Amino acid sequence: MDDAKENAELLEKLYQITITYFYSSWEEIRAVAANLAGIILEHTDRQRMKWLDLEYLLMSLQVLQKDPSPTVQLVATEIISDICSGRVIGE
């Protein structure tokens, strides 16, 4: 992910594609997408996060917390917790 960290455009594209999978009909895809969004945040410098709408991400993750799948709920809850505690957003 270090190369991606240097390429904000690549991270932005990956992030935009990833959040579209939050609405997949497959629960495994929704869980992995939420997890990948957290990983992207973890590897993104704050200065390069201008493209990130954190409010939208949190809203989308809150929707996933109400997902029928307990796995998706758990992943979404963990990512929200990490975001709120500041653990996911890179320095």
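The values are calculated or read from the model by the stated rules, or taken from the named source; none is laboratory data. Every value quoted in this text rests on a predicted model; they were computed, and no experiment measured them. Note that each Cβ is placed from the backbone with ideal geometry, even for glycine, and that neighbours are counted across all protein chains shown. For accessibility, only protein heavy atoms count, side chains too; no ligands or nucleic acids. Shrake-Rupley method; radii C 1.70, N 1.55, O 1.52, S 1.80 Å.
In the range 7-38, of all residues being without any contact (Cβ under 8 Å) to a residue 24 or more places away in the chain and among the hydroxyl-bearing types (Ser, Thr, Tyr), the one that is most open to solvent (accessible area, probe 1.4 Å) corresponds to Tyr23. Selection of the range 56-78 for residues being open to solvent by less than 20 Å² (accessible area, probe 1.4 Å) and modelled with pLDDT under 95 yields only Leu57.
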